[in-house]
Amino acid sequence: MQLKKIELARSSIPLYDYSTLASTNGTLHSLILEGCKLPVAVIAQEQSAGRGQWGRVWESRPGGLYLSLGLESNFQLEKALHPSLISGWGVTEVLNREGIPVRLKWPNDLLLEGRKLGGIKIETRSSGGIITQIVIGIGINWRNEVPARAINLKQYPAIASIEQLAKLTIEGLLLGDERYRNEGIEAILPSYLNYLDSIGKTVTVNGLSGQVVGINSKGELRVVLSSKGAYCEISCIPGMISLGYY
């Protein structure tokens, strides 16, 4: 393990750099319990027990970015989806500025050319109805081998090193956090929707066919259901429906 400083546009933060870990999120949680001040980041060249949302295995072979960032927070529990949205939006925004046309699959998967480029896993600690700490785990395929329905950044020479990708990713996560703190979710949603690949997708909810039409202010997916000339709009939380791709 090496302790480094990663220099950002307006600040620097500590970065714990490991060759191999079971999980960057797990290691970061341990560092926080030991008294490590936030913000702080952990990165590994590979993970032996990487996990995505819903406990799915995240293959963490050498050549990919496996990073976690810990932040202090002041989210109300009813806004628990906001960290997912703003994290996905921030990274997508920064990568698009580098000429990489990343899009979003709700709530925070990163897509490129219709295939999965990366994913984000949010873990939180709360007290008294307030989320006080957030650990954002993110995996992005850079030069690692990927499954058939995924993609890496080999064809995008704008990202020349894993160090550059790590810096851009942290800058994106901090961009989302800063804009949310200063302007709220309403300022981010229009841009998030512009990146959202899920708009117009046909989905099935409880046996009924529906179409994705947007995101509400809580971060829930808005779906219009139709049946025999009637329709209604419902709001879905993650886990209620599948948006496909893989």
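The values are calculated or read from the model by the stated rules, or taken from the named source; none is laboratory data. The structure displayed is predicted, hence computed values, not measured ones. Glycine also receives a Cβ, built like all others from the backbone with ideal geometry; neighbour counts cover every protein chain displayed.
Within the range 181-219, the set of residues being within 17 Å of ILE237 (Cβ to Cβ) and charged (D, E, K, R) comprises LYS201, LYS218.
Looking at the structure I just gave you, is ILE130 closer than 30 Å to ALA9 by Cβ, buried (at least 16 other Cβ atoms within 10 Å of the Cβ) and among the β-branched types (Val, Ile, Thr)? When the stated conditions are applied, ILE130 does not pass them. Return only the number of the condition from (1) in contact with a helix residue (DSSP H, G or I) (Cβ under 8 Å, 6 or more places away or on another chain); (2) surrounded by 15 or more Cβ atoms within 10 Å (Cβ to Cβ); (3) touching a residue at least 24 places away in the same chain (Cβ under 8 Å); (4) not assigned by TED's automatic domain parsing to the domain that holds ARG103 that GLY210 does not satisfy. Going through (1) in contact with a helix residue (DSSP H, G or I) (Cβ under 8 Å, 6 or more places away or on another chain); (2) surrounded by 15 or more Cβ atoms within 10 Å (Cβ to Cβ); (3) touching a residue at least 24 places away in the same chain (Cβ under 8 Å); (4) not assigned by TED's automatic domain parsing to the domain that holds ARG103 one by one, GLY210 breaks only (1).
Being in the same structural domain as THR27 (by TED's automatic domain parsing), under 16 Å from the mean Cα position of the chain (by Cα) and over 29 Å from VAL212 (Cβ atoms), is that true of even one residue in the range 91-107? The answer is no; no qualifying residue exists. Taking the range 58-83 as the range and being under 21 Å from PRO238 (Cβ atoms), modelled with pLDDT under 95, among the small types (Gly, Ala, Ser) and surrounded by 18 or more Cβ atoms within 10 Å (Cβ to Cβ) as the test, only SER73 passes. If only residues of the range 136-193 that are of a type in the set (Asp, Glu) and assigned to a helix (DSSP H, G or I) are counted, the one that is surrounded by the most Cβ atoms within 10 Å (Cβ to Cβ) is ASP177. Kindly check whether there is at least one residue in the range 16-32 that is touching a Pro at 6+ places or on another chain (Cβ under 6 Å), assigned to a strand (DSSP E or B) and aliphatic (A, V, I, L, M). No, the range 16-32 contains no residue that is touching a Pro at 6+ places or on another chain (Cβ under 6 Å), assigned to a strand (DSSP E or B) and aliphatic (A, V, I, L, M).
Screening ILE122 on (1) free of Cβ contacts under 8 Å to residues at least 40 places away in the same chain; (2) surrounded by fewer than 20 Cβ atoms within 10 Å (Cβ to Cβ) shows it passes everything except condition (2).
Restricting GLY26, GLY55 to residues that are assigned by TED's automatic domain parsing to the domain that holds LYS167, on the phi > 0 side of the Ramachandran plot and either at pLDDT below 90 or not hydroxyl-bearing (Ser, Thr, Tyr) (or both) narrows the list to GLY55. Counting only residues that are in a helix (DSSP H, G or I) and touching a residue at least 24 places away in the same chain (Cβ under 8 Å), the range 194-207 holds 1 of them.
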